[in-house]
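The values are calculated or read from the model by the stated rules, or taken from the named source; none is laboratory data. These numbers were taken from a predicted model, which means no experiment stands behind them. Using ideal geometry, Cβ is built from the backbone for each residue, glycine included, and neighbour counts are taken over all protein chains shown. Ligands, DNA and RNA are stripped out before the accessible areas are found, and what is left, the full protein with its side chains, is counted by its heavy atoms. Shrake-Rupley method; radii C 1.70, N 1.55, O 1.52, S 1.80 Å.
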Amino acid sequence: MISLHQVSKTFINANRKFQAVDSVSLHIESGDIYGIIGSSGAGKSSLLRMINLLERPDAGTVVVNDKDLMLLTDRQLREERRTMGMIFQSFNLVHNRTVSGNVAMPLEMIGIPRKERAERVSEYLDFVGLLDKSDQYPSMLSGGQQQRVAIARALVNSPKVLLCDEPTSSLDPHTTSDILSILKHINQSFGVTIVIVTHEMDVITTLCNKVSMMSEGKLLQTLQTEQGNTISSDEISRVNNGQTWGKLGVNHD
Ligand SMILES: Nc1ncnc2c1ncn2[C@@H]1O[C@H](COP(=O)(O)OP(=O)(O)OP(=O)(O)O)[C@@H](O)[C@H]1O
């Protein structure tokens with residue numbers, strides 16, 4: 001469903017080149033919950049953002065739903081991006097719009113009529129348990145509630161893929177667990193493929209059936225199990241006696 005082939009990305013900072021992603025290839029099947037784990041600066045977010053071409057690779061190919069995204073026109077790319085929702089560590093809500101106003105935004109952009117828009121917004125706010133907060137503003141909500149609004153907004157267009165960039169990194173453990181349950185439910189109930197970037201091992205062992213470890217722009221290793229199961233911490237410990245994980249600065253216990 002998603003294939004990255006030898007993608008690379010170099011940024012230029014203060015006239016110095018920095019290779020954030022170095023010839024990475026990976027394959028994600030429909031229905032997977034695919035984790036990308038690594039320490040800060042490993043290139044995880046850049047890699048994730050290349051899946052929907054928010055970041056354009058300097059080299060390599062990005063194929064989603066059998067389409068080579070680099071070959072699409074701007075208009076075709078906009079359409080293809082609608083099949084991919086995205087959520088972020090900092091939620092990225094629009095603060096001068098209400099909760100329902102935020103969730104309605106993707107539908108407004110494609111001209112869905114008001115009545116249908118209202119129905120779909122209510123349906124997804126109900127799904128994330130926030131229907132009673134429809135008329136509130138983001139600043140009146142907790143971090144976990146704001147992330148649930150962002151999830152509703154990402155789902156309202158019925159995407160096939162949900163891209164998650166450190167979605168629980170600014171949340172406490174209890175709220176993290178709530179958000180991970182919602183993500184699992186989205187995968188199981190709607191068949192949405194999930195790609196999640198994290199530096200937290202618990203996120204991987206709670207949620208993911210595949211995980212790639214990233215360091216210094218490269219994928220070091222990928223582990224996988226059946227869809228519907230999660231990679232166990234035992235399995236992770238067995239690989240190279242955990243040495244690869246240690247190299248990432250990630251605690252695998
Ligand atoms: N738009 C950009 N311009 C310049 N440098 C960038 C840009 N985006 C990322 N980088 C650099 O590329 C490297 C990889 O960043 P990236 O955000 O992909 O890593 P990460 O593994 O997600 O780290 P973190 O968990 O800290 O977000 C970092 O050194 C970062 O400073």
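Structural remarks
- Unique match (being polar (S, T, N, Q) and more than 10 Å from the ligand (Cβ to nearest atom)) among N92, N13: N92
- Selection of helices (runs of 4 or more DSSP H) fully inside segment 1-113 by the criterion of at least 1 residues being small (G, A, S) and touching a residue at least 12 places away in the same chain (Cβ under 8 Å) returns 44-51, 99-109.
- Which numbered condition I51 misses (of (1) out of contact with any Ser or Thr (no Cβ under 9 Å at 6 or more places or on another chain); (2) under 29 Å from S134 (Cβ atoms); (3) β-branched (V, I, T)): (2)
- Given (1) among the charged types (D, E, K, R); (2) more than 16 Å from F88 (Cβ to Cβ); (3) touching a His at 6+ places or on another chain (Cβ under 8 Å), index of the condition K184 fails: (3)
- Helices (runs of 4 or more DSSP H) fully within segment 123-219 counting 2 or more residues that are within 16 Å of the ligand (Cβ to nearest atom): 201-207
- Residue list for segment 20-32, filter: away from the ligand (no atom under 13 Å from the Cβ), open to solvent by 10 Å² or more (accessible area, probe 1.4 Å) and of a type outside the set (S, T, N, Q): L26, H27, E29, G31
- Of the criteria (1) away from the ligand (no atom under 16 Å from the Cβ); (2) in contact with a Pro (Cβ under 9 Å, 6 or more places away or on another chain); (3) of a type in the set (A, V, I, L, M), which one I87 fails: (1)
- Test: residue in segment 35-43 that is more than 11 Å from the ligand (Cβ to nearest atom) and over 19 Å from M201 (Cα atoms): no
- One residue alone among N92, N65 is modelled with pLDDT under 95, of a type outside the set (A, V, I, L, M) and either in contact with a Lys or Arg (Cβ under 8 Å, 6 or more places away or on another chain) or open to solvent by 40 Å² or more (accessible area, probe 1.4 Å) (or both), and that residue is N65.
- Boolean, R82 is open to solvent by 70 Å² or more (accessible area, probe 1.4 Å), of a type in the set (K, R) and more than 19 Å from L183 (Cβ to Cβ): yes
- Only one of the listed residues (L71, L155, L131) is at pLDDT 95 or above, under 24 Å from I28 (Cβ atoms) and open to solvent by 50 Å² or more (accessible area, probe 1.4 Å). That residue is L71.
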